[in-house]
Amino acid sequence: MTYSKIEILGLRGFSDKQTLNFGQPNNELGSGLTVIVGPNNSGKSTIYEAFRAISQNSPPSFTEGRRNKIAGDKIEICITQSDGTTLILKTETSGGSETKFEQNGLNENDVKFCTLPSRRTFAPFFGKSIWNRDQYISNSPLAAVRGSQLDHFSYRLFTIQQNQVAFNKVLSKVLGQIPNWYIEQADNGQYYLKFNYNGSIHNSDGSGEGLLSIFTIVDTLYDSKPGDLIFIDEPELSLHPSLQKKLNNLLVEYSADRQIIISTHSPYFISWQSLQNGGKISRTVKEENGTKIYELKDNTTKQILSLIQNLNNPHIFGLDAREIFFLDDNIILVEGQEDVIFTDRILLLKNKKLNGTFYGWGVGGASNTDKVAQMLVDLGFKKVAVILDNNMKQLIPDLQKQFRDYKMFSIPADDIREKKATPAKMAVEGLIDISGKVINEKFQGDIDKLFEDINAYLN
């Protein structure tokens, strides 16, 4: 049995009920992966806290600062299985900090999620105790303070050392070369991790946070079972981009038969392969009336998958395009790479700026505009300016009708840059000369007006 969704009300910024739907593992790579994106302070870590809270042994207490006043100073978190059964964690009828479980076919003792917070440091020197996976999950309550060190992770280390072959097999998929590591005991009786890199020795106090972070992440995976649900908050922290790529591949692999949910600020964890196989992408946004969760709809996913598979324009959903998911708003869509490069060049020559961010290197042609714009609508972007070439402005009426909250513009020329005549093509007049150094005097006033209009909308 898998889980289908979680609903959150009253926790921190969640002033009204919001729903996060999960990817469903179907043995295809990434099918069970759910990726939560969004700008800072938009509610991603609060979703992590909701998972941690509802999978505790006993109902947690929620401090006054964690409870949303607009929601009546009460919290309700509901987890739903694919058969429709639910478990609800809710504030006691009398109010205050205390909560209770309400079982609707789903037993509280059966909801055991492995969750890993963004701060993954642990005490470098520790005592000895050996916990298996279930013991560790059961004894990892919601931290009273965000940013606390991992409690009791050192007890997992003794179990990991006993299963070092299996652990290292997974660890090697991220690190490549595995250091010789083991638990050592100091003369004062305390234990610590010891790493040997070809004779270079580090203990757990002197090792980098990235290595220790990978240790904790691999621990959530290596002894997990098909059907498990795992939540990792910001897996990218302290990791080099090359390690982020490898870790993402590992998560995609494991989410073929497990449900893995991550919240992230890194474009390296946006997996189009996962999306193609049924994975989910959601975006949190902090709006005037609280945190909202927006999700990429299935119909939109089908549309953009055709663009992902366009081998002639792989940049449409490349790394630069994926960075857009982590911005607050004010996105600018243009047709292609030259539009990005030479619009920036014209702005520089005119000593002006646009109050927005270009979507990657363009949408790969005016005909793709509606597909990318619909993706931005699904994910909750409110301000999107579209700039087409003059010879494509006939598309604007239909686009404006389809995307009423967005604003469509066209440049006063058929291309951003002048094109010389060739035997196969006629010359094209552009806003800037072929060298990118001289703006066409004919369009100076129109360009100024265009930039003013775009900024008026984006502001």
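The values are calculated or read from the model by the stated rules, or taken from the named source; none is laboratory data. Keep in mind that this is a model prediction, so the values were computed, not measured. Neighbour counts are summed over all protein chains in view; Cβ atoms, including those assigned to glycine, are modelled from backbone coordinates with ideal geometry. To get the accessible areas, we keep the full protein, side chains included, count just its heavy atoms, and leave off ligands, DNA and RNA. Shrake-Rupley method; radii C 1.70, N 1.55, O 1.52, S 1.80 Å.
Observations, loosely collected:
- Any hit, the range 401-416, residues being among the aliphatic types (A, V, I, L, M) and surrounded by fewer than 19 Cβ atoms within 10 Å (Cβ to Cβ): no
- Neighbours by Cβ (under 7 Å, 6+ apart or cross-chain): first from the range 131-152, open to solvent by less than 70 Å² (accessible area, probe 1.4 Å); second assigned to a helix (DSSP H, G or I) and among the hydrophobic types (A, V, I, L, M, F, W, C): L142/A53
- Breaking point among (1) under 27 Å from S129 (Cβ atoms); (2) among the β-branched types (V, I, T); (3) surrounded by fewer than 22 Cβ atoms within 10 Å (Cβ to Cβ), for V285: (1)
- There is no residue in the range 248-257 that is out of contact with any strand residue (DSSP E or B) (no Cβ under 7 Å at 6 or more places or on another chain), hydrophobic (A, V, I, L, M, F, W, C), modelled with pLDDT under 95 and surrounded by fewer than 23 Cβ atoms within 10 Å (Cβ to Cβ).
- Residues in the range 10-65 that are assigned to a loop (DSSP other than H, G, I, E, B), under 17 Å from the mean Cα position of the chain (by Cα) and within 22 Å of T220 (Cα to Cα): F22, G23, G30, S31, G32.
- G208, sole failed condition from (1) open to solvent by 40 Å² or more (accessible area, probe 1.4 Å); (2) modelled with pLDDT of 90 or more; (3) not β-branched (V, I, T): (2)
- Residue match in the range 316-333 (condition: in contact (Cβ under 8 Å) with a residue 60 or more places away in the chain, open to solvent by 20 Å² or more (accessible area, probe 1.4 Å) and more than 15 Å from the chain's Cα centre (by Cα)): yes
- Against the list (1) surrounded by fewer than 20 Cβ atoms within 10 Å (Cβ to Cβ); (2) in contact with a helix residue (DSSP H, G or I) (Cβ under 7 Å, 6 or more places away or on another chain); (3) more than 30 Å from Y192 (Cβ to Cβ), the condition S271 fails is (1).
- The set of residues in the range 170-195 that are loosely packed, with under 14 Cβ neighbours inside 10 Å, of a type in the set (F, W, Y) and more than 30 Å from N249 (Cβ to Cβ) is empty.
- Answer from A424, A413, A366, A456 - the residue that is under 28 Å from T284 (Cα atoms) and small (G, A, S): A456
- Looking across the range 87-116 at every residue that is under 29 Å from the mean Cα position of the chain (by Cα) and surrounded by fewer than 17 Cβ atoms within 10 Å (Cβ to Cβ), the one that is nearest to G65 (Cα to Cα) is identified as K112.
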